[in-house]
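Visitor: Take a look at this one; I'll ask things after.
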Amino acid sequence: MSQLRRVLGLGVLAGALGAIAPAAQAADVTVTRTVFGVPHIKAESFRGIGYGYGRSVAEDNICTLAEMYVTVNGERSKFFGPDASYSVGGNGTAPNNLNSDFYFQRVKDRKTVEKLIAVPPPVGPREEVADGLQGYVDGYNDWLASVGGSAGVPDPTCRGKAWVRPITVLDAYRRVHQLSILASEGAAIDGIGGAQPPGAKSTTGASAADRVSALPPQALDEALSGLGSNAYALGRDATQDGHGLLYGNPHFPWTGSERFYQSHITIPGVVDVTGGSLLGVPIVLIGATKGVAWSHTVSTARRFVPYEVALLPGQPEWYWNSGKFQRMKRENVTVQVRTASGALESRTRTLYSTKHGSITTSITGLKIFPWTPLTAVALYDGNGENFGRMINTFFGMNEAQSVADVDRNLRKFTGMPWVNTIAADTAGNAYYADIGNVPGVSNQKYNACLGLLGRITDAAQRLPVFDGSKDSCLPSSDADSVVPGILGPSKLPSLQRTDWVANMNDSYWLSNPAKPLEGYPRIVGDERKARTLRTRIGIKQVQDRLAGTDGLAGKGFNLDNVRDVAMGNRVYSAELWRDALVKGCSRASCKVLAKWNLRNDLDEPGAVLWQRFATRLVSFSPIPLPTPLSPYTKGFDVKDPVNTPSGLLQASPIVVGALNDAEADMKKAGLPLDATLRTAQTVTRQGQVIPIHGGPHSTGIFNVFTPVWDAAKGYTDIVSGGSYIQAVHLKPGCPELRTIVTYGQSTNPESPYYADQTKLLSNKQWNTLPFCGDDVAAQAIKTDNWGVPGT
């Protein structure tokens, strides 16, 4: 395809180019809905696939999608006012509308997306991706037209709203770009959009070093914890029949645009893949083909690097670099704002950047980088120009049929934006990799470029802040780097085995404790350090199942018991601490906990009380050493990383304080000490109260759901946690799948698919998802056929 045709095919300035587009012709697409509203989309082209996906996802999620496109177009202040904020799922931020608009309008002014999609592959999108996105836009718009536009939208949330409108291909690409920066610049939108130089008499309060020092340990990772996940890849030595098994459970927000949507995509002889994708992306991001299944977990690799720059006294827009003062780049950005009277007015703000990146005052909602008369912080975003390689990488996953295919795909594009990859195949291979887009920072560069602030942020948060005066501190390249400024795949960790690999959001180090991965750049993650309670229970569950010591029948994994293990709701903090806590304790709370079975199932008295105690204790003391600020009696031992630290110092003031606070929490919420999750950890959907098992990751539970604690009522909602959950048995011929979309396929509260799978989750039931043709036909509840505009 010529460069001109590529750009035309991508639909840049689609409306203006429509007059010169080739005459349309029909291409058929069939969408068969099976139980729980899963669309099985079959077409002869990627444009047809995109069309069927666009119609389906718009029907189910139009309000969330339409608001998402308002955001990436920098128009939130125009429709929702400048003063409100919105939650960005998973990165700990809630940007102000006006700051967000200035940020995304600058992306538009710079023509960032237009420039990136005009670049040939592998840096720019593949032709098939371009065709799929064009079809997606056509399908979205045709569905909207079929209901009579905004006025006919079935979801009352946005019916008749002016911001529900047709989209362009450029809108679709802007959404993809937004996802690529979600855990980098996307976590600093408020700080970038709102950063302004200090006045002559400015007083900025605490310094950056003081602000970072005041944060609790791991605050940055906690802010990103809304984006988490668990995944097991089980190979032939760990399964009962010798074929691969995959269990994947991304912990993502239950509301907003970072929800998963499940689909099955088939072009006969070309692609046959099923799984979940984030809204607005008509490609399976986590799923299975006939030969391989994969999932992703959020990586510890930092995809961004802050740079501290020294400023010219009295001239805060001038910074010291390469032996001289240089002026920051100034970009005037104008957006439309709806005033209190309802009228629209233009507002202009200047945004600033250095050669390193955008000036920011915050990251992940933490306001730790004040722009003072003497210093400022600029953010290098390693994912800023990655979205083409990112979407090509995910597209390649849709074509893969083996672990070897997955590995080749990851190395070819090095485009994974902020996730690890875990995969298993029919031959019984298990695979882990953190091969993606990581800034090119060797350990030598890392250590040489940390200034005083950087040493403080690195020690406290594993957040390097580099010296912005030296160009030698900018990211560099390796011999095998796909593009300049990133680590080559040979410098990134991966592991293939025939027994198992796993990741629960700690670094690559203990993907399998039998083969620790070591010697990789620090920017990718830590090594030989204590693992989280969730990582440790995740590993122990596998070890116990293989040994046959977990109370289930036999040894090894199959499709049934991998789900039993994953939703067994073992609470590792309780396994470590409960007995020591209640020993010799005569308090009523101790008597309740002594009888508890150490699992967060719905009807277990003591589960809620322990959850309050453990949440309080972990928030007091994340330190894995026996100190006055730690509950442990035995510290971390690198030779026994799965089982240490351990023990509980019962008389520790923080232990006693946590139990006192837990009792007070229960009393204030009107809950008895022996309250169960069935009554005290619920969500309300369509007027029905639905109890949710599992619990927060900090307590050491594998089956993660992050509940909202209402001090007067208890746990009353879920903000994030298990989302698109899949268990896949890769038997030859036709894989067996069990899935749950925990919040349902639809955001429309009047849809039958709004909360049906939340009830499924509550009962630990699963959707037996059909994959092969006859099985799909047997489950069909609705089939639609459409002619698709094509070229």
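The values are calculated or read from the model by the stated rules, or taken from the named source; none is laboratory data. This structure is a prediction, so every number in the text was calculated from the model and none was measured. Positions of Cβ are generated from backbone atoms using ideal geometry, with glycine treated the same way; all protein chains shown enter the neighbour counts. These accessible areas exclude ligands, DNA and RNA; they are computed on the full protein's heavy atoms, side chains included. Shrake-Rupley method; radii C 1.70, N 1.55, O 1.52, S 1.80 Å.
Visitor: State all residues of region 50-67 that are open to solvent by 10 Å² or more (accessible area, probe 1.4 Å) and in contact with a Leu (Cβ under 7 Å, 6 or more places away or on another chain); if no residue qualifies, say none.
Guide: Listed by number, the list holds a single entry, T64.
Visitor: Looking at this structure, is A574 under 30 Å from T768 (Cβ atoms) and among the aliphatic types (A, V, I, L, M)? I'd like the intermediate steps shown before the answer.
Guide: Details: under 30 Å from T768 (Cβ atoms): no; among the aliphatic types (A, V, I, L, M): yes.
No; evaluated as a whole, the condition is false for this residue.
The rows are residues; the columns are (1) of a type in the set (S, T, Y); (2) closer than 25 Å to Y307 by Cα.
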site: D138; (1), (2): no, no
site: A145; (1), (2): no, no
site: V153; (1), (2): no, no
site: T168; (1), (2): yes, no
site: I181; (1), (2): no, yes
site: A188; (1), (2): no, yes
site: G193; (1), (2): no, yes
site: P197; (1), (2): no, yes
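Visitor: Among the residues of region 372-409 satisfying the criterion of being crowded, with 24+ Cβ neighbours inside 10 Å and more than 23 Å from S180 (Cα to Cα), which is nearest to the chain's Cα centre (by Cα)?
Guide: Applying the filter and picking the extreme gives V403.
Visitor: Can you name the residue in region 516-538 that is part of a loop (DSSP other than H, G, I, E, B) and basic (K, R) and is also farthest from A566 (Cα to Cα) among such residues? Walk me through how you get there before you give the answer.
Guide: The initial filter retains those residues of region 516-538 that are part of a loop (DSSP other than H, G, I, E, B), namely 516-532.
Still in the list and also basic (K, R): 522, 528-529, 531.
Working: R522: 31, R528: 26, K529: 25, R531: 19 Å.
Once the filter is applied, the top-ranked residue is R522.
Visitor: Taking the conditions exactly as written (in a strand (DSSP E or B), open to solvent by 10 Å² or more (accessible area, probe 1.4 Å) and not hydroxyl-bearing (S, T, Y)), does N748 satisfy them or not?
Guide: Numbers: in a strand (DSSP E or B): no; open to solvent by 10 Å² or more (accessible area, probe 1.4 Å): yes; not hydroxyl-bearing (S, T, Y): yes.
The answer is no for N748.
Visitor: For region 264-303, how many residues meet the condition of being touching a Pro at 6+ places or on another chain (Cβ under 7 Å) and closer than 21 Å to T64 by Cβ?
Guide: Of the residues in region 264-303, 1 are touching a Pro at 6+ places or on another chain (Cβ under 7 Å) and closer than 21 Å to T64 by Cβ.
Visitor: Any chance you could count how many residues in region 34-72 are of a type in the set (K, R) and either part of a helix (DSSP H, G or I) or under 30 Å from S100 (Cβ atoms) (or both)? Break it down into steps so the answer makes sense when it comes.
Guide: From region 34-72, those of a type in the set (K, R) are 42, 47, 55; that's our starting set.
Pick out the ones that are also either part of a helix (DSSP H, G or I) or under 30 Å from S100 (Cβ atoms) (or both) and you get 47, 55.
Going through region 34-72 one residue at a time, the tally reaches 2.
Visitor: In addition: Output the residues belonging to region 652-688 that are within 16 Å of P707 (Cα to Cα), open to solvent by 50 Å² or more (accessible area, probe 1.4 Å) and of a type in the set (V, I, T).
Guide: T679, T684
Visitor: Kindly indicate the residue of region 705-746 that is small (G, A, S) and within 24 Å of H264 (Cα to Cα) and also modelled with the lowest pLDDT among those meeting that condition. Break it down stepwise before answering.
Guide: Within region 705-746, the subset small (G, A, S) is 711-712, 714, 720-723, 727, 733, 744, 746.
Among the residues that remain, those that are also within 24 Å of H264 (Cα to Cα) are: 721-723, 727, 733, 744, 746.
Working: G721: 95, G722: 96, S723: 97, A727: 98, G733: 91, G744: 98, S746: 98.
Taking the candidates together, the pick is G733.
Visitor: Right, here's the next one. Kindly establish whether A231 is open to solvent by 10 Å² or more (accessible area, probe 1.4 Å), outside any loop (DSSP other than H, G, I, E, B) and either at positive phi or touching a strand residue (DSSP E or B) at 6+ places or on another chain (Cβ under 6 Å) (or both). Give the steps one after another, and end with the answer.
Guide: Numbers: open to solvent by 10 Å² or more (accessible area, probe 1.4 Å): no; outside any loop (DSSP other than H, G, I, E, B): yes; either at positive phi or touching a strand residue (DSSP E or B) at 6+ places or on another chain (Cβ under 6 Å) (or both): yes.
Against the criterion (open to solvent by 10 Å² or more (accessible area, probe 1.4 Å), outside any loop (DSSP other than H, G, I, E, B) and either at positive phi or touching a strand residue (DSSP E or B) at 6+ places or on another chain (Cβ under 6 Å) (or both)), A231 does not qualify.
Visitor: What's the number of the only condition in (1) within 17 Å of G276 (Cα to Cα); (2) not in a strand (DSSP E or B) that Q726 fails to meet?
Guide: (2)
Visitor: Still on this structure, I have one more. Would you mind stating whether K115 is farther than 30 Å from Q315 by Cβ, open to solvent by 10 Å² or more (accessible area, probe 1.4 Å) and in contact (Cβ under 8 Å) with a residue 24 or more places away in the chain? Spell out how you get there, then give the answer.
Guide: On the way: farther than 30 Å from Q315 by Cβ: yes; open to solvent by 10 Å² or more (accessible area, probe 1.4 Å): yes; in contact (Cβ under 8 Å) with a residue 24 or more places away in the chain: no.
For K115, the condition - farther than 30 Å from Q315 by Cβ, open to solvent by 10 Å² or more (accessible area, probe 1.4 Å) and in contact (Cβ under 8 Å) with a residue 24 or more places away in the chain - is not met.
Visitor: Separate question: Assess whether P156 counts as being more than 30 Å from G485 (Cβ to Cβ) and not β-branched (V, I, T).
Guide: Details: more than 30 Å from G485 (Cβ to Cβ): yes; not β-branched (V, I, T): yes.
When the stated conditions are applied, P156 passes them.
Visitor: Please work out which one of (1) within 28 Å of N386 (Cβ to Cβ); (2) open to solvent by less than 20 Å² (accessible area, probe 1.4 Å) is the condition G538 fails and give its number.
Guide: Single failed check for G538: (1).
Visitor: Being open to solvent by 40 Å² or more (accessible area, probe 1.4 Å) and either modelled with pLDDT of 95 or more or touching a strand residue (DSSP E or B) at 6+ places or on another chain (Cβ under 6 Å) (or both) is the filter here, so list the residues in region 431-454 that pass it.
Guide: Hits for region 431-454 are S442, N443, Q444, N447, A448.
Visitor: Considering only residues of region 287-300 that are of a type in the set (A, V, I, L, M, F, W, C) and open to solvent by less than 10 Å² (accessible area, probe 1.4 Å), which is nearest to S45 (Cα to Cα)?
Guide: Taking region 287-300 as the starting set, the residues that turn out to be of a type in the set (A, V, I, L, M, F, W, C) are 288, 292-294, 298.
Now narrow it down to the ones that are open to solvent by less than 10 Å² (accessible area, probe 1.4 Å): 288, 292-294.
On the way: A288: 20, V292: 22, A293: 23, W294: 24 Å.
Restricting to residues being of a type in the set (A, V, I, L, M, F, W, C) and open to solvent by less than 10 Å² (accessible area, probe 1.4 Å), the top hit is A288.
Visitor: Separate question: Tell me the helices (runs of 4 or more DSSP H) entirely within region 539-617 that contain at least 1 residues that are closer than 21 Å to R738 by Cβ and among the basic types (K, R).
Guide: On the way: elements: 559-566, 572-582, 588-595.
Here the list reads 559-566.
Visitor: If a residue counts only when it is of a type in the set (D, E), which strands (runs of 3 or more DSSP E) contained entirely in region 367-471 have at least 1 such residues? Write out each step before concluding.
Guide: On the way: elements: 375-381, 419-425, 430-433.
Strands (runs of 3 or more DSSP E) meeting the threshold: 375-381, 419-425.
Visitor: Answer yes or no as to whether T360 is of a type in the set (S, T, N, Q) and at pLDDT 95 or above. Break it down stepwise before answering.
Guide: Details: of a type in the set (S, T, N, Q): yes; at pLDDT 95 or above: yes.
Yes, satisfied.
Visitor: Right, next: Return the only residue of K583, K595, K555 being touching a helix residue (DSSP H, G or I) at 6+ places or on another chain (Cβ under 8 Å) and either farther than 17 Å from N660 by Cβ or surrounded by fewer than 18 Cβ atoms within 10 Å (Cβ to Cβ) (or both). Quick ask: steps written out before the conclusion?
Guide: Values: K583 fails: touching a helix residue (DSSP H, G or I) at 6+ places or on another chain (Cβ under 8 Å); K595 fails: touching a helix residue (DSSP H, G or I) at 6+ places or on another chain (Cβ under 8 Å).
Matching residue, one of K583, K595, K555: K555.
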